[in-house]
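Written out below as C-alpha cells is the structure these notes cover.
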Amino acid sequence: MTQLKNDTFLRALLGQPVEYTPIWMMRQAGRYLPEYRATRSRAGSFMGLCTSPDYATEVTLQPLERFPLDAAILFSDILTVPDAMGLGLYFAEGEGPKFERPLRDEAAIRALTVPALDKLGYVFDAVSSIRKALDGRVPLIGFSGSPFTLACYMIEGGGSDDFRHVKAMLYSRPELLHHILDVNARTVIDYLNAQIDAGAQAVQIFDTWGGALTQAAYREFSLAYMRQIVAGLKREADGRRVPVIVFTKGGGQWLEEIAAIGADCVGLDWTTDLGAARARVGGKVALQGNFDPNALFAEPAAIEREVARILASYGAGSGHVFNLGHGISQHVKPEHAGALVEAVHRLSRPYHAQG
C-alpha cells in the first residue's frame, strides 16, 4: 500500500504528538455539495450510489477536492447490513429508509442469522477502490451502525420518533431483542474486519439511537454489544494500529463507561463540554467532536469563534479529533464547511507547539 502522506488523524486518535488538530466531518460526502447531487442524479438513486464502487469512490473524494480534510470516510449507509439480512431496504421519496419486512414476530426474529459477507461485497470493493484513489493522501475510515441502532431500524421498519416497537420488545420480550443484537454484533465484527482487510485504516461505530435508552438499558442493550464488537476487531493492518472510534449520540452522561470498552476514541455530540470530558477520561481515550452542526448556518466569523471556544476547552496537547457533534446538514453552504476546516487548522497549531 502507498505510504500515508498525512497521518495526523491516526496519530491524534492514539494520543501521539501532532502539529495541529485534525478534522473530518460526519456526512462530509453528501447533499450539501452540488457535485454530490450531480453524481447521485447520474447514479439514479441513493442505493445506486452505495452499490457502485465507482460512484462511491467519486463521492468519497469530492469533499477532499474542496477542503484539506484529514481523513476520508467510506461512502455507504449503515442499513446495508440489515439489507444483506433480507429485510428489503428501500428509500421512499421524502421519507428516508424503510424496510419491507420489519422484525415484528418471533418466527422472523428467530430466523435472523449472520449474512454471507459476499452480499456486502460491493462495500469492500468500494473500500479498496477508495483506498487506491486516495493514493496515501489521508487515511480512510470504515464504519458500521451499532447493533442497537441497526435493531431500531430493523424493528421499527424505518426511522422513528419514539421507538415504540423496539422499546416494547425491550421491556416485554428482552430475549428476542438480545437475539437480534447478538446477530447484529457478530455481523458487524465480520463487516468491519472485512473493511479493514480491504483497506480501511480506522473504523467508527455509529450508535445513533443509544441515547434514547435509560442508563440500565443502555448498558445492557447497547454498550455491551459495542464492547463485544471492539473485542472482536482486527487492530493492526499495514504494520500499524487500526484505531476504533465509538460514537453514541446523546451518550455524554455515560462517557466513562464508553471509554472503558476498549476503543481508542470516543465521539461526543455538542451537548457535552469537551474540557470536562477530557478531565473525566483522563487520557484513557482520545475524544472526537463536538461542534454543533447547526452552527455552520452562522457566518464564518461566528464559526471561527465557536472553533476557538472548543479548542480552548480541550486545551493543549494531542488526543482530540475535531468533528461535528452529528452529521452536516444538506442545507449548509459549502464555503461555511470550508471556513470550519480552515479555522481548525489555523487556530489549533498553538495548542500543539512544543515548548
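The values are calculated or read from the model by the stated rules, or taken from the named source; none is laboratory data. Note that the structure is a prediction, hence the values are computed from the model and not measured. FYI the Cβ positions are ideal-geometry reconstructions off the backbone, even for glycines, and counts take in every protein chain you see. Just the protein is used for accessible areas: all its heavy atoms, side chains included, with ligands, DNA and RNA removed. Shrake-Rupley method; radii C 1.70, N 1.55, O 1.52, S 1.80 Å.
Remarks
- Our note on the geometry: Cα centres of region 2-36 and region 196-211, 14 Å apart.
- Accessible area of region 239-312 belonging to carbon and sulfur atoms, whole % at 1.4 Å probe: 51 percent
- A Förster distance of 30 Å, applied to the separation of the beta-carbon atoms of residue 41 and residue 302, puts the FRET efficiency at 0.35.
- Each peptide among 74-86, 3-15 gets the average number of other Cβ atoms lying within 10 Å of its residues, and from highest to lowest they stand as 74-86, 3-15.
- For the chain, the longest principal axis of the C-alpha atoms and the axis of helix 53-66 are separated by about 30°.
- Among residues other than residue 241 with Cβ under 9 Å from its Cβ, the summed charge is 0 (Lys and Arg +1, Asp and Glu -1).
- Listed peptides 294-307, 104-117 by packing density, highest first (mean Cβ within 10 Å): 294-307, 104-117
- Computed over the alpha-carbon atoms, region 83-190 gives an Rg to Rh ratio of 1.04, Rh here being the Kirkwood radius from the mean inverse distance.
- About the centre of its Cα atoms, region 148-255 shows a dipole size close to 240 debye [charges on the beta carbon of Lys, Arg (+1) and Asp, Glu (-1) only; nearest 20 debye].
- Each eigenvalue of the Cα gyration tensor of region 242-303, multiplied by 5 and square-rooted, gives one semi-axis; in descending order these are 24, 12, 10 Å.
- Taking the accessible area of region 16-136, probe 1.4 Å, and keeping the other protein chains in place, the carbon and sulfur fraction comes to 49%.
- The chain: equivalent-ellipsoid semi-axes (sqrt of 5 x gyration tensor eigenvalues, Cα, Å): 31, 23, 20
- By the Cα gyration tensor, region 147-304 has an equivalent ellipsoid whose semi-axes, rounded to whole angstrom, run 25, 22, 15 from largest to smallest.
- The translational diffusion coefficient of region 1-140, from Stokes-Einstein at 4 °C and 1.567 mPa s with a Kirkwood hydrodynamic radius over alpha carbon pairs, comes to 77 µm²/s.
- Across all directions, the average flat footprint of the convex hull enclosing the Cα atoms of region 271-355 is 5.5 nm².
- Counting only Cα atoms, region 47-125 measures 50, 30, 20 Å along its principal axes, largest extent leading.
- Charge dipole (debye, nearest 20) of region 67-168; +1 at Cβ of Lys and Arg, -1 at Cβ of Asp and Glu: 260 debye
- Among the listed pairs 98/167; 98/119; 132/249; 234/284; 284/333, those beyond 30 Å (Cα-Cα): 132/249; 284/333
- Per residue, the accessible area of the chain comes to 39 Å² when a 1.4 Å probe rolls over the protein heavy atoms.
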